[in-house]
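Only one structure is covered here, and it is reproduced in the block below.
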Amino acid sequence: MTKTWLELLYKVIKRDICTSCGTCIAACPPDFIEMVRGKPKRAIKRAACENCEICYVVCPQTGFDTRDIESEFFGMKRRKDKDEHIGIYRRILTAKTKDKRIKGQDGGIVTSILTHALEEHIIDGAILTGSDSVWMPKPVVARSYEEVVGPSGTKYSISPTLVGVRDALRKGLENICIVGTCCHVRAARLMQFLNLEPLARSIKLVIGLFCYENFDYQGLMRGKIEDELGFKPEEISKFEVEGNEFLIHLKGKIFRVNLEDIEEYVHPSCAICPDFVNELADISVGSVGSPEGWSTVIIRSDTGEKIFSALENSGMI
Ligand SMILES: Cc1cc2nc3c(=O)[nH]c(=O)nc-3n(C[C@H](O)[C@H](O)[C@H](O)COP(=O)(O)OP(=O)(O)OC[C@H]3O[C@@H](n4cnc5c(N)ncnc54)[C@H](O)[C@@H]3O)c2cc1C
Ligand code: SF4
Ligand code: SF4
Ligand code: SF4
(Lines give C-alpha, C1' and ligand atoms only; values in the text may rest on other atoms or scores of the structure.)
(Ligands and ions follow the chains in the order given, each with its own letter.)
Protein backbone atom coordinates (compact mmCIF):
# COMPACT_ATOMS: atom_id res chain seq x y z
CA MET A 1 0.00 0.00 0.00
CA THR A 2 1.23 3.48 -0.80
CA LYS A 3 2.65 5.32 2.19
CA THR A 4 0.90 8.63 2.30
CA TRP A 5 0.94 11.94 4.08
CA LEU A 6 -1.04 10.36 6.95
CA GLU A 7 1.81 7.97 7.70
CA LEU A 8 4.25 10.87 7.71
CA LEU A 9 1.91 12.70 10.06
CA TYR A 10 1.62 9.83 12.55
CA LYS A 11 5.12 8.32 12.29
CA VAL A 12 7.13 11.54 12.22
CA ILE A 13 5.29 14.79 12.84
CA LYS A 14 3.04 13.74 15.72
CA ARG A 15 5.90 11.78 17.32
CA ASP A 16 7.95 14.98 17.52
CA ILE A 17 10.85 13.60 15.49
CA CYS A 18 10.25 15.99 12.59
CA THR A 19 13.26 18.30 12.24
CA SER A 20 11.19 20.92 10.36
CA CYS A 21 13.74 20.70 7.54
CA GLY A 22 11.16 21.65 4.88
CA THR A 23 11.93 18.79 2.47
CA CYS A 24 8.38 17.42 2.31
CA ILE A 25 7.15 20.92 1.46
CA ALA A 26 9.70 21.29 -1.32
CA ALA A 27 8.95 17.84 -2.73
CA CYS A 28 5.13 17.80 -2.70
CA PRO A 29 4.22 18.14 -6.40
CA PRO A 30 0.91 20.00 -5.92
CA ASP A 31 2.16 22.19 -3.03
CA PHE A 32 -0.26 20.71 -0.49
CA ILE A 33 2.07 21.10 2.49
CA GLU A 34 2.96 24.27 4.35
CA MET A 35 4.76 25.08 7.60
CA VAL A 36 2.32 26.05 10.33
CA ARG A 37 3.78 27.03 13.71
CA GLY A 38 7.01 25.17 12.95
CA LYS A 39 5.39 21.92 11.74
CA PRO A 40 4.45 20.70 8.26
CA LYS A 41 0.70 20.65 7.70
CA ARG A 42 -1.28 19.36 4.71
CA ALA A 43 -4.06 21.74 3.87
CA ILE A 44 -5.85 19.50 1.35
CA LYS A 45 -7.80 16.33 2.23
CA ARG A 46 -6.68 12.72 1.78
CA ALA A 47 -8.27 11.99 -1.62
CA ALA A 48 -6.05 14.56 -3.28
CA CYS A 49 -2.93 12.53 -2.39
CA GLU A 50 -4.02 9.38 -4.19
CA ASN A 51 -1.11 7.30 -5.51
CA CYS A 52 1.50 9.66 -4.13
CA GLU A 53 3.97 8.86 -1.36
CA ILE A 54 6.66 11.40 -2.09
CA CYS A 55 6.54 13.27 1.22
CA TYR A 56 6.88 10.02 3.18
CA VAL A 57 9.70 8.59 1.08
CA VAL A 58 11.75 11.78 0.96
CA CYS A 59 11.54 12.45 4.71
CA PRO A 60 14.87 11.50 6.29
CA GLN A 61 13.11 10.74 9.59
CA THR A 62 11.28 7.73 8.10
CA GLY A 63 14.63 5.93 8.03
CA PHE A 64 17.39 5.24 5.51
CA ASP A 65 20.81 3.60 5.47
CA THR A 66 23.57 6.20 5.53
CA ARG A 67 26.08 3.61 4.28
CA ASP A 68 24.37 3.54 0.88
CA ILE A 69 24.62 7.32 0.71
CA GLU A 70 28.29 7.31 1.73
CA SER A 71 29.16 4.78 -0.97
CA GLU A 72 27.31 6.84 -3.57
CA PHE A 73 28.77 10.26 -2.70
CA PHE A 74 32.21 9.42 -1.30
CA GLY A 75 32.94 6.38 -3.48
CA MET A 76 34.10 4.34 -0.51
CA LYS A 77 33.00 2.64 2.66
CA ARG A 78 34.06 3.75 6.14
CA ARG A 79 37.63 2.79 6.99
CA LYS A 80 37.89 0.87 10.25
CA ASP A 81 39.77 2.81 12.97
CA LYS A 82 39.68 6.01 10.86
CA ASP A 83 36.16 7.12 9.97
CA GLU A 84 34.23 5.62 12.87
CA HIS A 85 33.71 8.83 14.86
CA ILE A 86 33.61 11.65 12.34
CA GLY A 87 32.60 9.92 9.12
CA ILE A 88 34.52 9.51 5.86
CA TYR A 89 37.04 12.29 5.24
CA ARG A 90 40.01 13.23 3.07
CA ARG A 91 41.47 16.18 4.94
CA ILE A 92 40.85 18.10 8.16
CA LEU A 93 42.23 21.60 8.59
CA THR A 94 41.66 24.95 10.23
CA ALA A 95 41.12 28.05 8.09
CA LYS A 96 39.98 31.68 8.05
CA THR A 97 38.83 33.97 5.27
CA LYS A 98 40.97 36.87 4.02
CA ASP A 99 37.93 38.63 2.57
CA LYS A 100 37.35 41.56 4.96
CA ARG A 101 33.75 41.98 3.72
CA ILE A 102 32.76 38.58 5.14
CA LYS A 103 31.74 38.70 8.81
CA GLY A 104 31.28 34.99 9.36
CA GLN A 105 30.20 33.24 12.52
CA ASP A 106 33.71 31.80 12.95
CA GLY A 107 36.31 31.83 10.15
CA GLY A 108 33.84 32.86 7.44
CA ILE A 109 34.83 29.74 5.53
CA VAL A 110 31.32 28.70 4.51
CA THR A 111 30.70 32.07 2.89
CA SER A 112 34.14 32.06 1.25
CA ILE A 113 33.48 28.66 -0.35
CA LEU A 114 30.19 30.03 -1.68
CA THR A 115 31.59 33.26 -3.11
CA HIS A 116 34.37 31.26 -4.79
CA ALA A 117 31.93 28.70 -6.23
CA LEU A 118 29.76 31.52 -7.57
CA GLU A 119 32.69 33.42 -9.11
CA GLU A 120 33.95 30.24 -10.78
CA HIS A 121 30.41 29.46 -12.06
CA ILE A 122 30.43 26.08 -10.29
CA ILE A 123 27.04 27.10 -8.89
CA ASP A 124 24.52 29.73 -9.92
CA GLY A 125 23.04 30.04 -6.45
CA ALA A 126 22.97 28.78 -2.88
CA ILE A 127 20.21 27.77 -0.45
CA LEU A 128 21.03 29.50 2.81
CA THR A 129 19.42 30.42 6.11
CA GLY A 130 18.86 34.11 6.51
CA SER A 131 16.75 35.89 9.10
CA ASP A 132 14.54 38.91 9.51
CA SER A 133 15.27 41.75 11.93
CA VAL A 134 14.06 39.68 14.91
CA TRP A 135 16.26 36.65 14.14
CA MET A 136 13.44 34.50 12.71
CA PRO A 137 15.28 32.11 10.35
CA LYS A 138 14.09 31.77 6.77
CA PRO A 139 15.29 29.95 3.64
CA VAL A 140 17.14 32.23 1.23
CA VAL A 141 17.99 31.67 -2.44
CA ALA A 142 21.25 33.63 -2.86
CA ARG A 143 22.48 34.35 -6.39
CA SER A 144 25.07 37.10 -6.03
CA TYR A 145 28.10 37.93 -3.88
CA GLU A 146 25.98 40.27 -1.73
CA GLU A 147 23.15 37.75 -1.34
CA VAL A 148 25.60 35.06 -0.22
CA VAL A 149 27.47 37.30 2.24
CA GLY A 150 24.24 38.65 3.80
CA PRO A 151 23.06 35.45 5.57
CA SER A 152 26.46 34.59 7.11
CA GLY A 153 26.40 33.97 10.86
CA THR A 154 24.54 31.37 12.94
CA LYS A 155 20.84 31.63 13.74
CA TYR A 156 20.12 29.46 16.76
CA SER A 157 16.61 28.49 15.69
CA ILE A 158 15.22 25.71 13.52
CA SER A 159 14.75 26.64 9.86
CA PRO A 160 12.82 24.92 7.02
CA THR A 161 15.81 25.67 4.78
CA LEU A 162 15.16 22.89 2.24
CA VAL A 163 12.04 24.72 0.99
CA GLY A 164 14.63 26.90 -0.74
CA VAL A 165 15.45 24.09 -3.19
CA ARG A 166 11.93 24.32 -4.64
CA ASP A 167 12.13 28.11 -4.72
CA ALA A 168 15.50 28.01 -6.50
CA LEU A 169 14.12 25.74 -9.17
CA ARG A 170 11.17 28.07 -9.70
CA LYS A 171 13.61 30.94 -10.12
CA GLY A 172 15.35 29.00 -12.88
CA LEU A 173 18.54 28.02 -11.02
CA GLU A 174 20.25 24.90 -12.33
CA ASN A 175 23.35 24.42 -10.17
CA ILE A 176 22.92 25.03 -6.47
CA CYS A 177 24.78 24.58 -3.22
CA ILE A 178 22.88 23.71 -0.06
CA VAL A 179 24.24 24.88 3.29
CA GLY A 180 22.68 23.36 6.38
CA THR A 181 22.84 21.58 9.68
CA CYS A 182 23.12 17.77 9.71
CA CYS A 183 19.34 17.27 9.46
CA HIS A 184 19.20 19.53 6.38
CA VAL A 185 22.12 17.72 4.78
CA ARG A 186 20.68 14.25 5.48
CA ALA A 187 17.50 15.41 3.72
CA ALA A 188 19.40 16.85 0.76
CA ARG A 189 21.44 13.66 0.34
CA LEU A 190 18.36 11.46 0.50
CA MET A 191 16.74 13.63 -2.16
CA GLN A 192 19.81 13.12 -4.37
CA PHE A 193 20.06 9.41 -3.60
CA LEU A 194 16.41 8.87 -4.54
CA ASN A 195 17.03 10.94 -7.65
CA LEU A 196 13.94 12.96 -6.84
CA GLU A 197 13.35 15.03 -9.93
CA PRO A 198 13.25 17.86 -10.64
CA LEU A 199 14.76 18.90 -7.27
CA ALA A 200 17.77 16.55 -7.06
CA ARG A 201 19.29 17.43 -10.43
CA SER A 202 20.14 20.96 -9.34
CA ILE A 203 22.16 20.05 -6.23
CA LYS A 204 25.86 20.31 -7.08
CA LEU A 205 27.49 20.99 -3.70
CA VAL A 206 26.48 20.34 -0.09
CA ILE A 207 28.13 22.21 2.78
CA GLY A 208 27.33 20.99 6.28
CA LEU A 209 27.61 22.78 9.62
CA PHE A 210 28.55 20.99 12.82
CA CYS A 211 25.46 20.98 15.02
CA TYR A 212 25.01 19.79 18.58
CA GLU A 213 21.53 21.23 19.15
CA ASN A 214 19.18 23.93 17.94
CA PHE A 215 16.23 25.77 19.45
CA ASP A 216 12.57 26.49 18.95
CA TYR A 217 12.24 30.12 17.83
CA GLN A 218 9.19 31.01 19.94
CA GLY A 219 10.62 29.46 23.10
CA LEU A 220 14.15 30.85 22.90
CA MET A 221 13.72 34.16 21.16
CA ARG A 222 10.29 35.22 22.42
CA GLY A 223 9.94 33.31 25.72
CA LYS A 224 13.47 33.51 27.10
CA ILE A 225 15.30 36.37 25.40
CA GLU A 226 12.49 38.88 24.90
CA ASP A 227 9.97 38.16 27.67
CA GLU A 228 12.21 36.85 30.46
CA LEU A 229 15.54 38.63 29.88
CA GLY A 230 13.92 41.75 28.40
CA PHE A 231 16.23 42.04 25.34
CA LYS A 232 14.88 43.23 22.01
CA PRO A 233 15.91 40.65 19.33
CA GLU A 234 16.43 43.45 16.78
CA GLU A 235 19.19 44.93 18.96
CA ILE A 236 21.15 41.69 19.16
CA SER A 237 24.11 41.47 16.77
CA LYS A 238 25.30 37.89 17.29
CA PHE A 239 24.70 34.67 19.21
CA GLU A 240 27.33 32.05 19.92
CA VAL A 241 27.98 29.06 22.13
CA GLU A 242 31.12 28.98 24.27
CA GLY A 243 31.66 25.96 26.49
CA ASN A 244 28.43 25.51 28.45
CA GLU A 245 27.27 29.09 27.88
CA PHE A 246 25.05 30.77 25.27
CA LEU A 247 26.42 34.23 24.47
CA ILE A 248 24.17 37.13 23.44
CA HIS A 249 26.00 40.10 21.85
CA LEU A 250 24.03 43.29 22.51
CA LYS A 251 25.19 46.91 22.10
CA GLY A 252 28.87 46.11 22.57
CA LYS A 253 28.20 43.93 25.64
CA ILE A 254 28.01 40.16 25.96
CA PHE A 255 25.38 38.50 28.15
CA ARG A 256 25.98 34.91 29.15
CA VAL A 257 23.23 32.35 29.74
CA ASN A 258 23.95 28.86 31.01
CA LEU A 259 22.94 26.32 28.37
CA GLU A 260 21.05 24.39 31.05
CA ASP A 261 18.75 27.39 31.47
CA ILE A 262 17.62 27.19 27.84
CA GLU A 263 17.57 23.40 27.54
CA GLU A 264 13.76 23.36 27.63
CA TYR A 265 13.71 25.22 24.28
CA VAL A 266 15.89 22.70 22.44
CA HIS A 267 13.97 21.30 19.46
CA PRO A 268 12.60 17.82 20.32
CA SER A 269 14.17 16.20 17.24
CA CYS A 270 17.68 17.13 18.45
CA ALA A 271 17.35 14.57 21.25
CA ILE A 272 17.63 11.71 18.75
CA CYS A 273 19.97 13.35 16.23
CA PRO A 274 22.60 10.83 15.10
CA ASP A 275 25.12 13.31 13.67
CA PHE A 276 27.25 16.19 14.99
CA VAL A 277 29.96 16.77 12.38
CA ASN A 278 27.70 16.56 9.34
CA GLU A 279 28.99 13.26 8.04
CA LEU A 280 27.22 13.31 4.66
CA ALA A 281 28.30 16.76 3.41
CA ASP A 282 30.93 17.40 0.72
CA ILE A 283 32.60 19.78 3.17
CA SER A 284 31.72 20.09 6.87
CA VAL A 285 32.51 23.26 8.83
CA GLY A 286 32.39 24.07 12.54
CA SER A 287 34.28 25.90 15.23
CA VAL A 288 35.20 23.19 17.71
CA GLY A 289 38.89 22.32 17.50
CA SER A 290 39.98 25.69 16.10
CA PRO A 291 41.07 28.96 17.77
CA GLU A 292 38.46 31.72 18.09
CA GLY A 293 37.71 33.31 14.71
CA TRP A 294 38.84 30.24 12.76
CA SER A 295 36.88 27.37 11.26
CA THR A 296 37.47 23.63 11.45
CA VAL A 297 37.00 22.18 7.97
CA ILE A 298 36.46 18.51 7.11
CA ILE A 299 36.74 17.74 3.41
CA ARG A 300 34.91 14.53 2.60
CA SER A 301 34.18 14.12 -1.10
CA ASP A 302 36.06 14.52 -4.36
CA THR A 303 33.76 17.43 -5.24
CA GLY A 304 34.57 19.07 -1.90
CA GLU A 305 38.31 18.56 -2.37
CA LYS A 306 38.35 20.10 -5.85
CA ILE A 307 36.45 23.20 -4.78
CA PHE A 308 38.35 23.70 -1.53
CA SER A 309 41.80 23.22 -3.13
CA ALA A 310 40.90 25.81 -5.75
CA LEU A 311 39.82 28.20 -2.99
CA GLU A 312 43.14 27.63 -1.19
CA ASN A 313 45.04 28.29 -4.43
CA SER A 314 43.09 31.51 -4.98
CA GLY A 315 44.73 32.98 -1.86
CA MET A 316 41.36 34.10 -0.42
CA ILE A 317 41.71 31.98 2.74
C1 LIG B 1 22.11 25.60 15.04
C2 LIG B 1 23.60 25.49 14.90
C3 LIG B 1 24.34 24.88 15.91
C4 LIG B 1 25.74 24.76 15.78
N5 LIG B 1 26.45 24.12 16.76
C6 LIG B 1 27.79 23.97 16.64
C7 LIG B 1 28.55 23.29 17.63
O8 LIG B 1 27.99 22.78 18.63
N9 LIG B 1 29.91 23.19 17.46
C10 LIG B 1 30.55 23.72 16.36
O11 LIG B 1 31.78 23.60 16.25
N12 LIG B 1 29.86 24.38 15.39
C13 LIG B 1 28.50 24.51 15.52
N14 LIG B 1 27.77 25.17 14.54
C15 LIG B 1 28.50 25.72 13.35
C16 LIG B 1 28.98 27.15 13.59
O17 LIG B 1 28.04 27.92 14.32
C18 LIG B 1 29.23 27.84 12.22
O19 LIG B 1 28.07 27.76 11.41
C20 LIG B 1 30.36 27.18 11.45
O21 LIG B 1 31.54 27.18 12.26
C22 LIG B 1 30.63 27.93 10.14
O23 LIG B 1 31.17 29.18 10.42
P24 LIG B 1 31.59 30.14 9.23
O25 LIG B 1 32.11 31.42 9.83
O26 LIG B 1 32.45 29.40 8.27
O27 LIG B 1 30.16 30.35 8.56
P28 LIG B 1 29.53 31.63 7.87
O29 LIG B 1 30.41 32.08 6.76
O30 LIG B 1 29.10 32.61 8.91
O31 LIG B 1 28.20 30.97 7.21
C32 LIG B 1 27.25 30.41 8.05
C33 LIG B 1 26.15 29.77 7.23
O34 LIG B 1 25.31 29.12 8.19
C35 LIG B 1 24.01 29.06 7.68
N36 LIG B 1 23.09 29.03 8.83
C37 LIG B 1 22.97 29.96 9.79
N38 LIG B 1 22.03 29.60 10.68
C39 LIG B 1 21.55 28.41 10.26
C40 LIG B 1 20.54 27.53 10.74
N41 LIG B 1 19.83 27.79 11.84
N42 LIG B 1 20.30 26.41 10.04
C43 LIG B 1 20.98 26.13 8.92
N44 LIG B 1 21.96 26.92 8.41
C45 LIG B 1 22.24 28.04 9.09
C46 LIG B 1 23.84 30.29 6.79
O47 LIG B 1 23.16 29.92 5.62
C48 LIG B 1 25.28 30.73 6.46
O49 LIG B 1 25.52 30.60 5.08
C50 LIG B 1 26.39 25.29 14.64
C51 LIG B 1 25.62 25.91 13.63
C52 LIG B 1 24.24 25.99 13.74
C53 LIG B 1 23.42 26.63 12.62
S1 SF4 C 1 10.68 16.02 5.51
FE2 SF4 C 1 11.53 17.31 7.14
S3 SF4 C 1 9.88 18.79 7.59
FE4 SF4 C 1 8.95 17.10 6.45
S5 SF4 C 1 8.18 15.70 8.03
FE6 SF4 C 1 10.21 14.98 7.46
S7 SF4 C 1 11.60 15.97 8.94
FE8 SF4 C 1 9.63 17.06 9.02
S1 SF4 D 1 0.46 14.97 -2.76
FE2 SF4 D 1 2.05 13.47 -2.26
S3 SF4 D 1 3.74 14.67 -1.41
FE4 SF4 D 1 1.92 15.96 -1.35
S5 SF4 D 1 1.00 15.66 0.69
FE6 SF4 D 1 0.00 14.20 -0.70
S7 SF4 D 1 1.22 12.31 -0.48
FE8 SF4 D 1 2.46 13.98 0.32
S1 SF4 E 1 21.03 18.67 16.56
FE2 SF4 E 1 20.56 17.45 14.72
S3 SF4 E 1 18.33 17.55 14.53
FE4 SF4 E 1 18.95 19.22 15.90
S5 SF4 E 1 19.17 21.00 14.52
FE6 SF4 E 1 21.19 20.05 14.79
S7 SF4 E 1 21.39 18.68 13.05
FE8 SF4 E 1 19.19 19.17 13.24
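The values are calculated or read from the model by the stated rules, or taken from the named source; none is laboratory data. A quick note: this is a predicted structure, and the numbers were derived from the prediction, not measured. Cβ: placed from backbone, ideal geometry, glycine included. Neighbour counts: every protein chain shown.
When the range 133-161 is filtered for residues that are over 22 Å from His116 (Cα atoms) and at pLDDT 95 or above, the ones remaining, listed by number, are Val134, Trp135, Met136, Pro137, Lys138, Lys155, Tyr156, Ser157, Ile158, Ser159, Pro160.
Per-residue answers, yes or no, for (1) buried (at least 20 other Cβ atoms within 10 Å of the Cβ); (2) more than 16 Å from ligand 1 (Cβ to nearest atom); (3) without any contact (Cβ under 8 Å) to a residue 12 or more places away in the chain:
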residue	(1), (2), (3)
Asp65	no, yes, yes
Arg79	no, yes, yes
Lys82	no, yes, yes
Arg90	no, yes, no
Lys96	no, no, no
Lys103	no, no, no
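Checking each residue in the range 1-44 for being within 16 Å of ligand 1 (Cβ to nearest atom) and either in a loop (DSSP other than H, G, I, E, B) or modelled with pLDDT under 95 (or both) picks out Cys18, Thr19, Ser20, Cys21, Gly22, Gly38. Restricting the search to the range 157-183, which residues are more than 9 Å from ligand 1 (Cβ to nearest atom), assigned to a loop (DSSP other than H, G, I, E, B) and either touching a residue at least 40 places away in the same chain (Cβ under 8 Å) or crowded, with 19+ Cβ neighbours inside 10 Å (or both)? Passing the criteria: Pro160, Leu162, Lys171, Leu173, Glu174, Asn175. Within the range 71-84, being outside any loop (DSSP other than H, G, I, E, B) and among the charged types (D, E, K, R) holds for one residue alone: Glu72. Can you tell me which residue is nearest to ligand 3 (Cβ to nearest atom) among those in the range 280-312 that are β-branched (Val, Ile, Thr) and within 19 Å of Glu213 (Cβ to Cβ)? Among those that are β-branched (Val, Ile, Thr) and within 19 Å of Glu213 (Cβ to Cβ), it is Val285. In this structure, does Thr111 turn out to be closer than 23 Å to Ser295 by Cα, of a type outside the set (Phe, Trp, Tyr) and assigned to a helix (DSSP H, G or I)? Criteria met by Thr111.
Condition check ((1) assigned by TED's automatic domain parsing to the domain that holds Ser20; (2) at pLDDT below 95; (3) within 16 Å of ligand 4 (Cβ to nearest atom); (4) part of a helix (DSSP H, G or I)) across all residues:
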{"site": "Val206", "(1), (2), (3), (4)": "yes, no, yes, no"}
{"site": "Phe231", "(1), (2), (3), (4)": "no, no, no, no"}
{"site": "Val241", "(1), (2), (3), (4)": "no, no, yes, no"}
{"site": "Asp261", "(1), (2), (3), (4)": "no, no, no, yes"}
{"site": "Leu280", "(1), (2), (3), (4)": "yes, no, yes, no"}
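Residues in the range 85-92: is at least one assigned to a loop (DSSP other than H, G, I, E, B), within 16 Å of ligand 4 (Cβ to nearest atom) and on the phi > 0 side of the Ramachandran plot? There is at least one residue in the range 85-92 that is assigned to a loop (DSSP other than H, G, I, E, B), within 16 Å of ligand 4 (Cβ to nearest atom) and on the phi > 0 side of the Ramachandran plot. May I ask you to verify whether Asp216 is touching a Phe, Trp or Tyr at 6+ places or on another chain (Cβ under 6 Å) and either within 16 Å of ligand 3 (Cβ to nearest atom) or at pLDDT 95 or above (or both)? Yes, satisfied. Across the range 37-63, the qualifying residues are those that are touching a residue at least 60 places away in the same chain (Cβ under 8 Å) and aliphatic (A, V, I, L, M), and the one among them that is surrounded by the fewest Cβ atoms within 10 Å (Cβ to Cβ) is Val57.
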